[in-house]
Amino acid sequence: MTYDVIIIGGGPAGLTAAIYCARARLNTLIIEKSGCGGQMAITDILENYPGFTGGINGFDLAVKLEEQAKNFGAAIAYAEVFEIRDGKIKQTVTADNTYESKTIIIASGTTNKKLGIKQEEKFIGRGISFCATCDAPFHKGKDVVVVGGGDSAVQEAVYLAKFASSVTIIHRRDKLRAAKSLQEKLFSCSNISILYDTIAQEVSGSETLESLKVSNIKTGAVKELKVSGVFVFVGLLPNTLFLTNIALNESGYIITDENMKTSAAGIFACGDVRKKLLRQVVTAAGDGALAAISAQHYIEENFDAES
């Protein structure tokens, strides 16, 4: 069958696009690699999403959005997309299927950057983590490190402080970049400390991670921290490696116009994967709505006249 819209990615942008498309009675398929929600689903509390005075758990919001999309008629297939092929009828290629559609909305999101330090790969999943919400309980009563200084790093450090005996933030600059409200929460936690002007150099251990070597970028002083976990929040990489016919910027993000149109006709992009100033759940949702409306207009202009 040929879908009206295929949406690649089930984060807040993709799910919102699906809600709008399905509600417009477009035959809509979401293709999601793992589980719906994206980065949102592994966020403990979203304090700045409108309408929730006490905040909302990211996973809970993801479940609500997924249910809403399904209730309007959107379908979900769980697979990784390896290629999209342009043409009047577009093809989305996974390991087991090639799906056809009139339009495609790319909402593939981002992946956490790694540190690029010695033995990092060895200890991913055995002490190195990119999700405090997922792995904090494994470090109850232990000492852990958070690498980063932005909103995610500070928010996750505060969450980790509920479980760990101590949390040390490693930040390469001399001040944090996180929102002031988050910093206030952090500074109220007695078991969180910060090492400024510091970078991670190497992790070590036997079966699981046991220590992290760090160095001060100003003095060159090196120290070894005995920790059970290192939580990494040093930035994001766009999930665009499967794209070959879409214009990207120098960092690999998809270039769109204000209506989420990409360089390829009938292919749109929304959310964190596109070039934009602010990557938040609320902006992803707005992008998704615009992408859906643009896809609807494209179908009306290029296909409805043929029926």
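Among the candidates 156, 210, which residue alone is assigned by TED's automatic domain parsing to the domain that holds residue 125, assigned to a strand (DSSP E or B), among the charged types (D, E, K, R) and touching a residue at least 24 places away in the same chain (Cβ under 8 Å)?
Numbers: 156 fails: assigned to a strand (DSSP E or B).
Residue meeting the stated conditions: 210.
Would you call residue 264 assigned by TED's automatic domain parsing to the domain that holds residue 106, in contact with a strand residue (DSSP E or B) (Cβ under 7 Å, 6 or more places away or on another chain) and surrounded by 15 or more Cβ atoms within 10 Å (Cβ to Cβ)?
Criteria not met by residue 264.
So for segment 252-263 (the condition being touching a helix residue (DSSP H, G or I) at 6+ places or on another chain (Cβ under 7 Å) and among the small types (Gly, Ala, Ser)), does at least one residue qualify?
We begin by selecting, within segment 252-263, every residue touching a helix residue (DSSP H, G or I) at 6+ places or on another chain (Cβ under 7 Å); these are 253-254, 259-261.
Among the residues that remain, those that are also among the small types (Gly, Ala, Ser) are: none.
Among the residues of segment 252-263, not one is touching a helix residue (DSSP H, G or I) at 6+ places or on another chain (Cβ under 7 Å) and among the small types (Gly, Ala, Ser), which makes the answer no.
Could you tell me whether segment 168-185 includes any residue that is at positive phi and within 23 Å of the chain's Cα centre (by Cα)?
Scanning segment 168-185 turns up no residue that is at positive phi and within 23 Å of the chain's Cα centre (by Cα).
Residues checked against (1) in a loop (DSSP other than H, G, I, E, B); (2) hydrophobic (A, V, I, L, M, F, W, C):
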| position | (1), (2) |
| --- | --- |
| 65 | no, yes |
| 69 | no, yes |
| 87 | yes, no |
| 91 | no, no |
| 111 | no, no |
| 116 | yes, no |
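I'd like the full set of residues that are polar (S, T, N, Q), surrounded by 16 or more Cβ atoms within 10 Å (Cβ to Cβ) and over 20 Å from the mean Cα position of the chain (by Cα), limited to segment 38-90.
68
State all residues of segment 198-207 that are crowded, with 16+ Cβ neighbours inside 10 Å and more than 24 Å from the chain's Cα centre (by Cα); if no residue qualifies, say none.
198, 202, 203, 205
Kindly indicate the residue of segment 171-193 that is touching a Phe, Trp or Tyr at 6+ places or on another chain (Cβ under 9 Å) and surrounded by 17 or more Cβ atoms within 10 Å (Cβ to Cβ) and also farthest from residue 113 (Cα to Cα) among those meeting that condition.
Filtering first and then ranking leaves 176.
Kindly indicate whether any position in segment 290-305 is modelled with pLDDT of 95 or more, on the phi < 0 side of the Ramachandran plot, acidic (Asp, Glu) and buried (at least 18 other Cβ atoms within 10 Å of the Cβ).
No: segment 290-305 contains no residue that is modelled with pLDDT of 95 or more, on the phi < 0 side of the Ramachandran plot, acidic (Asp, Glu) and buried (at least 18 other Cβ atoms within 10 Å of the Cβ).
Would you confirm whether or not segment 132-139 contains a residue that is under 23 Å from residue 179 (Cα atoms), without any contact (Cβ under 8 Å) to a residue 60 or more places away in the chain and either buried (at least 24 other Cβ atoms within 10 Å of the Cβ) or under 23 Å from the mean Cα position of the chain (by Cα) (or both)?
Checked against the condition, which is being under 23 Å from residue 179 (Cα atoms), without any contact (Cβ under 8 Å) to a residue 60 or more places away in the chain and either buried (at least 24 other Cβ atoms within 10 Å of the Cβ) or under 23 Å from the mean Cα position of the chain (by Cα) (or both), segment 132-139 yields at least one hit.
Among residues belonging to segment 91-113 that are under 18 Å from residue 19 (Cβ atoms) and not hydroxyl-bearing (Ser, Thr, Tyr), point out the one that is farthest from the chain's Cα centre (by Cα).
The extreme case among them is 104.
Do the conditions hold for residue 145, that is, is it crowded, with 17+ Cβ neighbours inside 10 Å, in contact with a helix residue (DSSP H, G or I) (Cβ under 7 Å, 6 or more places away or on another chain), at negative phi and not in a loop (DSSP other than H, G, I, E, B)?
no
Being in contact with a Gly (Cβ under 6 Å, 6 or more places away or on another chain), within 12 Å of residue 107 (Cβ to Cβ) and either of a type in the set (D, E, K, R) or assigned to a strand (DSSP E or B) (or both) is the filter here, so list the residues in segment 22-55 that pass it.
Hits for segment 22-55 are 30, 32.
The values are calculated or read from the model by the stated rules, or taken from the named source; none is laboratory data. Bear in mind that the values here come from a model prediction, so they are computed numbers and not experimental data. Backbone-built Cβ (ideal geometry, glycine too); neighbour counts: all protein chains shown.
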